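To keep things clear, I will list the structure first and then write my remarks on it.
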Number of protein chains: 2
Amino acid sequence: PRITDPAAPLSLPSSPWQEPRTASFISRGQRGEDLVPWTLSRPTELRVIGQLQDSFILIESPQGLLILDQHAAQERILYEKLKQGLQQKQIPQQQLLFPLPIELSLAEFLHFQRFATEIAQAGFQVEPFGEKSVIVRGVPAALGKADYARIFLDLLDRLMQFEQKPSPEEILENILTTVACHDAIKANHPLQPSQMEDLLQELLQTEAPHTCPHGRPLFLFLSGARIRTRFLR
Amino acid sequence: PRITDPAAPLSLPSSPWQEPRTASFISRGQRGEDLVPWTLSRPTELRVIGQLQDSFILIESPQGLLILDQHAAQERILYEKLKQGLQQKQIPQQQLLFPLPIELSLAEFLHFQRFATEIAQAGFQVEPFGEKSVIVRGVPAALGKADYARIFLDLLDRLMQFEQKPSPEEILENILTTVACHDAIKANHPLQPSQMEDLLQELLQTEAPHTCPHGRPLFLFLSGARIRTRFLR
């Protein structure tokens with residue numbers, strides 16, 4: 001069914017602190033490796049220690065060290081914000097001061113028309129413009145000051161990869177994932193301690209804080225016991 | 001030969017940045033584990049990130065994360081200070097304001113007499129006192145305010161475990177190791193950022209900064225590439 005009713009939410013993970021979607025993350029850890037994906041049992045006393053290589057946030061848990069992928073964490077946060085707006089039919093939109101014309105290939109243009117409804121639902125205001133061009137007049141507010149043309153083209157590209165017409169849920173999930181990925185803090189970005197703290201707290205309030213929208217782990221865990229073992233203590 | 005000449009140094013590791021003594025540390029890492037003992041090629045740009053579980057210092061290297069065992073690091077530092085003093089026959093000694101009588105078992109007393117010369121060389125001023133007691137009048141200054149009686153008894157205990165009479169080098173090494181171990185910062189000790197920085201810098205100036213006097217690794221290394229792999233990036 002098309003999503004036209006706020007009462008018909010996307011079929012995405014919704015219970016907090018649940019298992020990650022792919023069980024393989026867990027089985028990797030069971031082979032006795034040091035670094036294992038962390039499944040949050042509950043948010044316990046976590047303390048931000050600092051940043052590694054401008055890309056990872058090091059966090060102390062009572063049991064050991066957590067390494068958080070800052071880029072993927074922000075993807076998750078954005079994704080959930082967008083999803084929430086979508087479910088409430090209130091994706092905040094920003095009108096562009098200078099509407100953005102984009103020339104498409106014919107294939108792209110046909111796909112734009114095919115997915116126009118869902119693209120609009122996800123917060124894009126895009127109109128056909130001439131024979132195979134479009135003009136972007138509004139984008140999801142969450143995008144901030146991004147490269148809208150590139151995001152829109154990436155989105156079409158992603159939707160074109162479906163062989164059969166995807167379900168509306170699949171389309172919307174792809175839109176959200178594309179948008180979230182584009183707008184996230186990139187790796188190699190220094191963060192202030194307060195920014196790391198905010199990112200962690202915001203992430204812990206999302207529905208699936210242990211995986212990014214693509215299903216990759218957000219936290220790696222290295223237990224204090226394991227560190228001691230490796231130190232031969 | 002007995003060590004009576006400063007020109008006959010202890011046969012201990014002396015070239016900086018050399019391989020750790022036990023090759024097994026290295027082979028462990030080669031089995032594809034995440035955490036591997038770090039052999040310093042040279043002290044590159046290292047940055048202290050913070051402390052984990054009041055016991056480990058997290059350090060950024062250009063290639064990834066280093067985890068330093070603070071207790072073992074200080075053992076190494078003290079050990080080298082003592083060794084240096086010993087080689088120069090200048091182990092600074094502190095006289096005890098209140099000389100400390102210690103009652104020994106007969107076996108302990110015999111061992112004390114057997115190793116009296118080396119014990120004195122290492123900075124202890126201990127005299128027989130009655131039938132099988134001793135009185136400690138001075139200790140290596142590096143000991144600070146330690147539990148001298150316990151250190152002295154540990155030392156005897158350690159020396160008694162040799163089946164054959166050990167070489168003077170072995171005796172002295174055992175004394176240094178016992179002393180260094182006792183006086184080191186314990187694990188579970190919070191450190192200020194400046195204290196972590198000082199500890200790291202002092203350690204890097206020692207002769208064998210990658211192993212503690214017992215031969216255990218001081219640094220574990222977790223490469224940034226490995227973290228990315230584990231994040232499935």
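Need the failing condition index for B:R137 against (1) modelled with pLDDT of 80 or more; (2) buried (at least 18 other Cβ atoms within 10 Å of the Cβ), just the number.
Just one mismatch for B:R137, condition (2).
Please go through the stretch A:117-128 and give me each residue that is more than 14 Å from A:A149 (Cα to Cα) and without any contact (Cβ under 8 Å) to a residue 40 or more places away in the chain, ordered by number.
Once the filter is applied, which keeps residues that are more than 14 Å from A:A149 (Cα to Cα) and without any contact (Cβ under 8 Å) to a residue 40 or more places away in the chain, the stretch A:117-128 yields A:A120, A:P128.
Looking at A:F98, A:F115 in this structure, which one is among the aromatic types (F, W, Y), in the same structural domain as A:I171 (by TED's automatic domain parsing) and at pLDDT 90 or above?
On inspection, the qualifying residue turns out to be A:F98.
Can you pull out every residue in the stretch B:221-233 that is at the interface with chain A (Cβ under 9 Å from one of its Cβ atoms) and surrounded by 17 or more Cβ atoms within 10 Å (Cβ to Cβ)?
Result: B:L222, B:G224, B:R226, B:I227, B:R230, B:F231, B:L232.
Please determine whether any residue of the stretch B:51-63 is among the aromatic types (F, W, Y) and more than 21 Å from the chain's Cα centre (by Cα).
Within the stretch B:51-63, not a single residue is among the aromatic types (F, W, Y) and more than 21 Å from the chain's Cα centre (by Cα).
Return the residues of the stretch B:173-230 that are more than 14 Å from the chain's Cα centre (by Cα) and of a type in the set (D, E); say none if nothing qualifies.
Within the stretch B:173-230, B:E197, B:D198 meet the criteria.
State the number of residues belonging to the stretch A:194-220 that are at the interface with another protein chain (Cβ under 10 Å from one of its Cβ atoms) and closer than 28 Å to B:S55 by Cα.
Count: 4.
Would you call B:L218 touching a helix residue (DSSP H, G or I) at 6+ places or on another chain (Cβ under 7 Å) and at pLDDT 90 or above?
Spelling it out, B:L218 is indeed touching a helix residue (DSSP H, G or I) at 6+ places or on another chain (Cβ under 7 Å) and at pLDDT 90 or above.
Please specify each residue of the stretch A:211-220 satisfying the condition of being surrounded by 22 or more Cβ atoms within 10 Å (Cβ to Cβ) and either assigned to a loop (DSSP other than H, G, I, E, B) or on the phi > 0 side of the Ramachandran plot (or both).
Residues satisfying the conditions are A:C212, A:P213, A:L218.
Inspect the stretch A:173-182 for any residue being within 14 Å of chain B (Cβ to nearest Cβ), assigned to a helix (DSSP H, G or I) and modelled with pLDDT of 95 or more and give the result as yes or no.
The answer is no, given that none of the residues of the stretch A:173-182 is within 14 Å of chain B (Cβ to nearest Cβ), assigned to a helix (DSSP H, G or I) and modelled with pLDDT of 95 or more.
Within the stretch B:140-172, track down each residue that is touching a residue at least 60 places away in the same chain (Cβ under 8 Å) and under 17 Å from the mean Cα position of the chain (by Cα). Steps first, please.
In the first step, residues of the stretch B:140-172 are kept if they are touching a residue at least 60 places away in the same chain (Cβ under 8 Å); the result is B:142, B:168-169, B:172.
Of everything in the stretch B:140-172, those that are touching a residue at least 60 places away in the same chain (Cβ under 8 Å) and under 17 Å from the mean Cα position of the chain (by Cα) turn out to be B:A142, B:E169, B:L172.
Suppose we filter B:F152, B:F124, B:F162 for residues that are in the same structural domain as B:S105 (by TED's automatic domain parsing), surrounded by fewer than 18 Cβ atoms within 10 Å (Cβ to Cβ) and aromatic (F, W, Y); which single one remains?
Values: B:F152 fails: surrounded by fewer than 18 Cβ atoms within 10 Å (Cβ to Cβ); B:F124 fails: surrounded by fewer than 18 Cβ atoms within 10 Å (Cβ to Cβ).
Step by step, each of B:F152, B:F124, B:F162 is checked, and only B:F162 is in the same structural domain as B:S105 (by TED's automatic domain parsing), surrounded by fewer than 18 Cβ atoms within 10 Å (Cβ to Cβ) and aromatic (F, W, Y).
Taking the stretch A:84-116 as the region of interest, how many residues are assigned to a helix (DSSP H, G or I), surrounded by 14 or more Cβ atoms within 10 Å (Cβ to Cβ) and in contact (Cβ under 8 Å) with a residue 12 or more places away in the chain?
So the answer is 8.
Tell me, please, whether a residue that is within 14 Å of chain A (Cβ to nearest Cβ), of a type outside the set (S, T, N, Q) and in contact with a Gly (Cβ under 9 Å, 6 or more places away or on another chain) can be found in the stretch B:113-131. Before the answer, list the steps.
In the first step, residues of the stretch B:113-131 are kept if they are within 14 Å of chain A (Cβ to nearest Cβ); the result is none.
No, the stretch B:113-131 contains no residue that is within 14 Å of chain A (Cβ to nearest Cβ), of a type outside the set (S, T, N, Q) and in contact with a Gly (Cβ under 9 Å, 6 or more places away or on another chain).
Step by step: first the residues of the stretch B:189-210, then only those that are outside any helix (DSSP H, G or I) and either of a type in the set (D, E) or loosely packed, with under 14 Cβ neighbours inside 10 Å (or both), then the one that is modelled with the lowest pLDDT. Which residue is that?
B:E207
Here is a check on your reading of the model: is A:L204 of a type outside the set (S, T, Y) and farther than 30 Å from B:S223 by Cα?
Criteria not met by A:L204.
Which pairs do you get when a residue that is assigned by TED's automatic domain parsing to the domain that holds A:F56 and among the hydroxyl-bearing types (S, T, Y), found in the stretch A:215-226, comes within reach of a residue that is surrounded by fewer than 17 Cβ atoms within 10 Å (Cβ to Cβ) and in a loop (DSSP other than H, G, I, E, B), reach meaning Cβ atoms under 8 angstrom, with the pair 6+ apart or on two chains?
Hits for this filter: A:S223/A:Q63.
One residue is enough: does the stretch B:146-155 have a residue meeting the conditions within 14 Å of chain A (Cβ to nearest Cβ) and outside any helix (DSSP H, G or I)? Steps first, please.
Quick first cut of the stretch B:146-155, residues within 14 Å of chain A (Cβ to nearest Cβ) only: none.
Looking through the stretch B:146-155, none of the residues is within 14 Å of chain A (Cβ to nearest Cβ) and outside any helix (DSSP H, G or I).
Mind counting the residues in the stretch B:117-137 that are part of a strand (DSSP E or B) and either at positive phi or in contact with a Lys or Arg (Cβ under 8 Å, 6 or more places away or on another chain) (or both)?
The total comes to 3.
The values are calculated or read from the model by the stated rules, or taken from the named source; none is laboratory data. Values in this document were obtained by computation on a predicted structure and should not be read as measured data. Positions of Cβ are generated from backbone atoms using ideal geometry, with glycine treated the same way; all protein chains shown enter the neighbour counts.
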